[in-house]
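Q: I'd like to ask some things about the structure below.
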Amino acid sequence: MDRWEKIERKPAPYLIPSFGPLSGIRVLLNGTVVAAPFAATMMSDFGAEVIALERPKVGGDPARHQKPQITSGDKSISGSWMQNARNKLSFLLETNLNVPECREIFLSLIKNSDIWIENMVWIDKLGISDELLLQVNPKLVICHISGFGTAGFGGEQKHINRPGYDPLGQAESGWGLLQGWPDREPYYAQQYIGDYLNGLFAVNGILMAYMNVQKTGKGQSIDVCLTEGWMRVMDDNFPLWTEMKTLKQRQGIKQTTYQPGGIFPTKDGKYINLGSYGKTAYNKVLKGFGIDTEKYSYEKAGGSAEAVASPLGKELDATFQKFFMEHTADEALEICIENKIGAAVVRDAGDVYVQSHWRERGDWITYTDQTLDKNIEAFGFVPKMSETPGAVWRGAPALGQDTERVLSQLLDYSPDEIQALKGKGIID
């Protein structure tokens, strides 16, 4: 009998404080930049006990080394790691089930986990299969996150084997072709937004599957495909194509089918994003800006592509441009707020940080980063919950900070057994 078969499962929370609505759930993570770790972070923020497995030979999750680095003395770490790795346990393990010691540790962790999240893609080469893991733990929820899907859910192998990154998913989904200006090359959204989006899809799938486990006792596998995530948020693009063979085109920062809608420069060198879809909203804007609603009627100047492109529509657009260039961004925003007009200043991170609205909502929190051993300030929690709010029990872990603790306390390895694992590229 293998070691993992003899070990007794220890329910969570065992290694972290008890808090939040997900307390009692243990998540094992084999994932790096960005979607899989973010899914785990969303769960750890609300009480799940997350053990993040990091490969010792490559210095752990590449997110640790993202530039620019934040430094303190001779130590440095990325802001991404500070923000997104909090509340996790860092366990160094070369996850290769072809190595007997690695197999014993990994399967022991699987037996003790409720959820396994991975974005390694080529797990079969490591001796890992869903069938094996579900034999070890029949209630396990397995979440695969990839660029183009995993084999158990169909598709062509040549695409399943492709490396997958957020901009590639934006491109292949059709979403990327809608971004930018019609007379220039298409663009893509920055800051790994697709990875974060699909991390949320993953959490949604995980919690649905976990609920099903509570009812049936049966685990299952989930396939989260980054490209399909972008397809899912394409709004009306696919029905327009299947039913009318209509393809939307990129239009830059200005709406072409109605106005006012788009981004306008302001007197102080900033920008306002203004949107007013429909006749009622249109008339609110004109009234708030002191523009003649009879001369520039919705039907003649703003309510359709033809109206926007007409001489009167172009004249109205010039009037909007003039209005914003005569006001600072905050002045224009106040006028919009007073008249219940949908508008927003295009702000940078520094602007957002000092806004009293977000401060009064408690969006900035302080905790101790474990690598730098200093207090840092970061963004807090979404969503906010009245009875079981999120919390940070510890900042982002130093590399391998919890390896020996997990081995000894959760998996019952003795000091001698732990010492015997060292120096072999298994846990260090």
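Q: Here are the criteria: (1) without any contact (Cβ under 8 Å) to a residue 60 or more places away in the chain; (2) surrounded by fewer than 14 Cβ atoms within 10 Å (Cβ to Cβ). Tell me which single one Tyr188 does not satisfy.
A: It fails just one condition, (2).
Q: Does Glu101 satisfy being farther than 30 Å from Gly380 by Cβ, in contact (Cβ under 8 Å) with a residue 60 or more places away in the chain and crowded, with 18+ Cβ neighbours inside 10 Å? Break it down into steps so the answer makes sense when it comes.
A: Numbers: farther than 30 Å from Gly380 by Cβ: yes; in contact (Cβ under 8 Å) with a residue 60 or more places away in the chain: yes; crowded, with 18+ Cβ neighbours inside 10 Å: no.
In short, no.
Q: Does any residue of region 230-237 turn out to be more than 25 Å from Glu118 (Cβ to Cβ) and part of a helix (DSSP H, G or I)?
A: Checked region 230-237: at least one residue is more than 25 Å from Glu118 (Cβ to Cβ) and part of a helix (DSSP H, G or I).
Q: For the subset of region 316-335 comprising residues that are in a helix (DSSP H, G or I) and among the charged types (D, E, K, R), which member is least open to solvent (accessible area, probe 1.4 Å)?
A: Checking each candidate, the answer is Asp317.
Q: Out of curiosity, is Val354 loosely packed, with under 15 Cβ neighbours inside 10 Å, of a type in the set (Val, Ile, Thr), under 30 Å from the mean Cα position of the chain (by Cα) and farther than 25 Å from Ser386 by Cβ?
A: Taking the combined requirement at face value, the residue satisfies it.
Q: Looking only at strands (runs of 3 or more DSSP E) that fall completely inside region 61-146, which ones have 3 or more residues that are within 26 Å of Arg405 (Cα to Cα)?
A: Per the criteria, 75-78, 88-92, 115-118, 141-146.
Q: Can you name the residue in region 300-315 that is within 14 Å of Ser276 (Cα to Cα) and in a helix (DSSP H, G or I) and, of all such residues, is most open to solvent (accessible area, probe 1.4 Å)?
A: For region 300-315, the residue satisfying everything is Val308.
Q: Let me ask something else about it. Select from region 163-177 the residues that are open to solvent by 40 Å² or more (accessible area, probe 1.4 Å) and not acidic (Asp, Glu) and write down the one among them that is farthest from Asn119 (Cα to Cα). Explain how you work it out, then say what you get.
A: Within region 163-177, the first condition is being open to solvent by 40 Å² or more (accessible area, probe 1.4 Å), and the residues that meet it are 163, 165, 167-168, 171-172, 175, 177.
Among the residues that remain, those that are also not acidic (Asp, Glu) are: 163, 165, 167-168, 171, 175, 177.
Numbers: Pro163: 11, Tyr165: 11, Pro167: 16, Leu168: 16, Ala171: 20, Trp175: 22, Leu177: 26 Å.
The qualifying residue farthest from Asn119 (Cα to Cα) is Leu177.
Q: Those residues that are modelled with pLDDT of 95 or more and among the hydroxyl-bearing types (Ser, Thr, Tyr), I need them from region 1-52; list them, please.
A: Of everything in region 1-52, those that are modelled with pLDDT of 95 or more and among the hydroxyl-bearing types (Ser, Thr, Tyr) turn out to be Tyr14, Ser18, Ser23, Thr41, Ser44.
Q: For Lys111, all conditions in the list (1) closer than 26 Å to Tyr367 by Cα; (2) over 21 Å from the mean Cα position of the chain (by Cα); (3) not polar (S, T, N, Q) hold save one; what is the number of the exception?
A: (1)
Q: For region 365-391, enumerate the residues that are in contact with a strand residue (DSSP E or B) (Cβ under 9 Å, 6 or more places away or on another chain), open to solvent by 40 Å² or more (accessible area, probe 1.4 Å), in contact (Cβ under 8 Å) with a residue 60 or more places away in the chain and not in a strand (DSSP E or B).
A: Residue satisfying the conditions is Asp373 alone.
Q: A further question on this structure: Can you find even one residue in region 194-207 that is part of a helix (DSSP H, G or I), surrounded by fewer than 18 Cβ atoms within 10 Å (Cβ to Cβ) and over 13 Å from the mean Cα position of the chain (by Cα)?
A: Yes, region 194-207 has at least one match.
The values are calculated or read from the model by the stated rules, or taken from the named source; none is laboratory data. This one's a predicted model, so the numbers in the text were calculated from it and none came from an experiment. In this analysis, Cβ positions are derived from the backbone assuming ideal geometry, glycine residues included, and neighbour counts consider all displayed protein chains. These accessible areas exclude ligands, DNA and RNA; they are computed on the full protein's heavy atoms, side chains included. Shrake-Rupley method; radii C 1.70, N 1.55, O 1.52, S 1.80 Å.
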